[in-house]
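The values are calculated or read from the model by the stated rules, or taken from the named source; none is laboratory data. In this text, all values refer to a predicted model and were calculated from it rather than measured experimentally. Glycine gets a Cβ as well: all are built from the backbone with ideal geometry, and neighbour counts include every protein chain shown. The protein model used for the area step is the full one, side chains on, heavy atoms only, and it has no ligands, DNA or RNA in it. Shrake-Rupley method; radii C 1.70, N 1.55, O 1.52, S 1.80 Å.
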Amino acid sequence: MLQENATNATNATTGTTTLPETIGGLLGLGGGPINDFLAAFLGAALVGTLMLTMTAVAGPWAKRKITAAFTDRIAVNRVGPFGLLIIVADAVRLLSKELIVPEGVDRPAWDIAPIVMASSALLGFAVIPMGSGIHLADPEAGLAYVFAVASIASVGIVMAGYASNNKFSLLGGLRAVAQNLAYEIPLVITAASVVVFAGSLQMSEIVAAQAEPLFTLGGVTIPAWFAFVNPFAFILFMAANLAEVGRNPFDIPEAPTEIVAGYQTEYSSVYFVLMYLGEFLHIFLGGAIITTLFLGGPAGPVLPGIVWFTIKIWAVFLFTQWMRSAIPRVRIDQLIEIGWKGMLVLSFANLVLTAVIVGVIA
């Protein structure tokens with residue numbers, strides 16, 4: 001079982017081909033820029049379709065079902081089996097609504113903001129290893145890339161808040177800036193402690209470093225996932241990720257009881273769909289980053305790597321919804337204080353401790 005687990009992890013990340021190369025081989029596409037572009041486009045379309053499908057299930061249906069289960073209520077159950085057709089009903093309902101453009105909005109910033117939020121999350125999946133050969137690219141600075149493109153969403157939130165010509169939207173945008181500054185630094189510093197252990201920014205190398213056994217307990221072999229190697233960093237990263245994806249207790253930028261809906265107050269129809277889509281895509285991107293850095297990526301016994309990868313990111317999604325149902329929202333001043341006085345100090349302490357441990361072991 002252990003050997004199979006390690007083999008799956010290695011095959012999932014250090015394979016000789018990427019997804020575009022695999023597609024090019026299956027379709028008989030030769031070399032050349034046009035064929036390479038076509039293979040890359042088809043690979044990106046497959047990955048994008050997978051992520052958008054999971055988002056479509058998570059937003060209209062799974063979110064309601066999970067929240068209802070946590071709060072002892074009945075969620076959607078009348079539209080199709082288990083209420084699954086609510087996905088189609090919500091899509092038709094929202095996309096068929098009139099797109100209302102308020103007076104005084106700053107266009108084109110108001111128009112571009114929803115696209116920026118959704119596309120920045122999709123770009124992040126380009127370097128995430130999802131299974132044996134199922135990754136679009138594997139650059140040496142993959143981890144730096146995924147943090148860089150994910151942070152572009154903050155620009156979209158600020159654009160939406162400023163351009164909406166609405167004080168509540170502006171407050172939501174300002175809160176988002178303050179929150180992202182306070183929590184993105186601890187997020188990156190905590191991820192740096194994983195890089196110290198793995199010795200690389202390359203996503204495949206980070207996953208491969210977790211393929212070895214950590215110890216055996218009662219006949220069960222525990223893999224060297226960084227969630228087990230450094231559980232303190234794992235907890236820190238999970239907490240900071242909640243702030244990055246705007247889930248309780250850190251859903252300050254769109255707090256409905258305080259600022260209506262924050263930065264998305266003035267959006268409707270297809271624009272609201274894009275913003276809602278971007279929100280859930282970032283939750284899944286956060287889950288994909290956590291899976292890659294701390295949960296062994298797509299590694300796992302028996303089942304294919306892509307199945308394990310999907311299970312793990314859905315587990316992170318379940319955790320975010322649990323927090324949304326169980327933890328009350330903190331005030332904006334408390335949020336900033338937790339970020340700068342708590343998370344930042346703890347993340348630096350974790351990085352220094354990790355460097356000392358690795359230095360002593362080496």
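Sequence-ordered 3J(HN,Hα) estimates for the range 26-40 from the Karplus curve with 6.51, -1.76 and 1.60 and θ = phi - 60° stand at 5, 8, x, 7, x, x, x, x, 5, 5, 5, 5, 4, 5, 5 Hz, glycine and proline given as x.
Amide H to amide H distances under 5 Å link LEU214 with ILE222, ALA224, where only residues 5 or more positions off or on other chains count and H is placed in the peptide plane. Across the range 229-235, computed HN-Hα scalar couplings (Karplus, 6.51 cos²θ - 1.76 cosθ + 1.60, θ = phi - 60°) run 5, 9, x, 4, 5, 4, 5 Hz from first to last residue, x flagging Gly and Pro. Relative to the Cα centre, the charge distribution of the chain, modelled as +1 at Lys and Arg Cβ and -1 at Asp and Glu Cβ, gives a dipole magnitude of about 920 debye. The mean sequence separation of alpha-carbon pairs under 8 Å and at least six residues apart, normalised by the residue count of the chain, gives a relative contact order of 26 percent. Among the listed pairs LYS167/LYS341; LYS65/LYS167; LYS63/LYS167, a Cα-Cα separation exceeding 31 Å is found for LYS65/LYS167.
Each stretch of four or more DSSP H residues adds -39500 (n - 2.57); spread over every residue of the chain, this sum gives -21000 deg cm²/dmol at 222 nm. For the range 188-289, the calculated P(r) over all alpha carbon pairs, in 5 Å bins from 0 to the bin holding the longest distance, is 3, 11, 16, 17, 14, 11, 10, 8, 6, 3, 1, 0 percent. For the range 40-95, the share of accessible area belonging to carbon and sulfur comes to 73 percent (1.4 Å probe, ligands and nucleic acids excluded). Couplings 3J(HN,Hα) of the range 78-90, computed from phi: 9, 9, x, x, 6, x, 5, 6, 4, 4, 5, 4, 5 Hz, in residue order, whole Hz [Karplus 6.51 cos²θ - 1.76 cosθ + 1.60, θ = phi - 60°; x for Gly and Pro]. The range 244-321 and the range 137-186 have Cα centres lying 14 Å from one another. Out of all Cα-Cα pairs in the range 278-362, roughly what percent, to the nearest whole number, are more than 21 Å apart? When all Cα pairs of the range 278-362 are counted, 55 percent exceed 21 Å. Taken over the C-alpha atoms, the range 164-236 has Rg and Dmax values of 18.6, 62 angstrom. Given the options ALA150, ALA240, ALA109, state which has the largest fluctuation in a GNM of the chain using a 10 Å cut-off (strictly under) for Cα springs. Residue with maximal mean-square fluctuation among ALA150, ALA240, ALA109: ALA109.
Placing +1 on the Cβ of every Lys and Arg and -1 on the Cβ of every Asp and Glu, with nothing else charged, gives the range 259-362 a dipole about its Cα centre of roughly 200 debye. Subtracting the Cα-Cα distance of THR49 and SER151 from their residue separation scaled by 0.36 nm leaves 34.5 nm.
Taken per residue, the accessible surface of the range 199-255 reaches 37 Å², heavy atoms only and a 1.4 Å probe. Across the range 80-170 the C-alpha pair distances fall into 10 Å bins from zero in the proportions 15, 27, 28, 24, 6, 0 percent. Here the range 36-113 is treated with +1 on each Lys and Arg Cβ and -1 on each Asp and Glu Cβ, and its dipole about the Cα centre works out to around 500 debye.
I want to verify a result. In a Gaussian network model of the chain, Cα cutoff 10 Å, which of these has the top mean-square fluctuation: ALA261, ALA182, ALA299? Answer for the Gaussian network model of the chain: ALA261. Overall dimensions of the chain, expressed as equivalent-ellipsoid semi-axes from the Cα gyration tensor (√(5λ), whole Å, largest first), are 33, 26, 21. Across the accessible surface of the range 265-362, with the other protein chains kept in place and a 1.4 Å probe, carbon and sulfur atoms take up 78 percent. By the rule of a C-alpha distance below 16 Å, with chain neighbours fewer than 8 residues away ignored, no aspartates and glutamates are paired with LYS312.
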